[in-house]
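Encoded as structure tokens, the structure appears first; notes follow it.
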Amino acid sequence: MRKFDYSFLKRISVPADIMNYATSIYEMKAKAELRRSDFAEVFSAMESVAKIQSVKSSNAIERIITTDKRIRDIVNKSTAPQGHNELEIAGYRDALDLIHGSYSEIPFSEKKYTGAAQNTTPA
């Protein structure tokens, strides 16, 4: 495992404009969190649409195509996948759920991410 020595950071100064940018980002994140809590239903609906579109687009790249309704039902887990293509769609959905649901606890490794879809596809 690599170890990085960041002690040199103590000896450098950060330019004022960079600090201003960092402060602005922090303030924007705080405002975004307030908006997210004030408009929870809207953000939830947007997240659902984005997830469905992500699954649809990513599977289309692999030439796995089905109706919008089937994709929506598979992503929302309101129907069981039928056949190999729909199992692939469900696998991508599960990989997306894993990444979005527990990204902060997932240690980074190339093997983990390149095998994510294979690890979640039902047998």
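Rule-based calculations on the coordinates, nothing more; no lab input. All of these numbers come straight from a predicted model, not from anything done at the bench. Backbone-built Cβ (ideal geometry, glycine too); neighbour counts: all protein chains shown.
Measuring r between the beta carbons of Ser102 and Arg11 and using R0 = 35 Å, the FRET efficiency lands at 0.40.
Specify the angular offset, from 0 to 90 degrees and rounded to the nearest 10, of the alpha carbon long axis of helix 83-102 from the longest principal axis of the alpha carbons in the chain. Approximately 20 degrees, to the nearest ten. Across all directions, the average flat footprint of the convex hull enclosing the Cα atoms of the chain is 11.7 nm².
Set the Förster distance to 25 Å, then compute FRET efficiency between Phe4 and Lys29 from the Cβ-Cβ distance, nearest 0.05. All intermediate terms of the calculation are to be shown ahead of the outcome.
Working: r = 26 Å, r/R0 = 1.02.
Once the sixth-power term is evaluated, E becomes 0.45.
Where does the chain land at 222 nm, in deg cm²/dmol rounded to the nearest 500, when only DSSP H runs of n ≥ 4 count, each adding -39500 (n - 2.57), divided by all residues? Estimated from H runs of four or more residues: -21500 deg cm²/dmol.
Each Cα pair under 8 Å and six or more residues apart adds its separation to the average, and for segment 1-118 the resulting relative contact order is 16 percent.
Set the bar at 24 Å for Cα to Cα. Now go through Lys3/Lys111; Lys51/Lys77; Lys29/Lys56; Lys56/Lys77 and name every pair that lies beyond it.
Values: Lys3/Lys111 20 Å; Lys51/Lys77 13 Å; Lys29/Lys56 29 Å; Lys56/Lys77 15 Å.
Beyond 24 Å between Cα atoms: Lys29/Lys56.
Available extension along the chain between Thr114 and Glu47 is 21.7 nm, counting 0.36 nm per residue and deducting the alpha carbon span.
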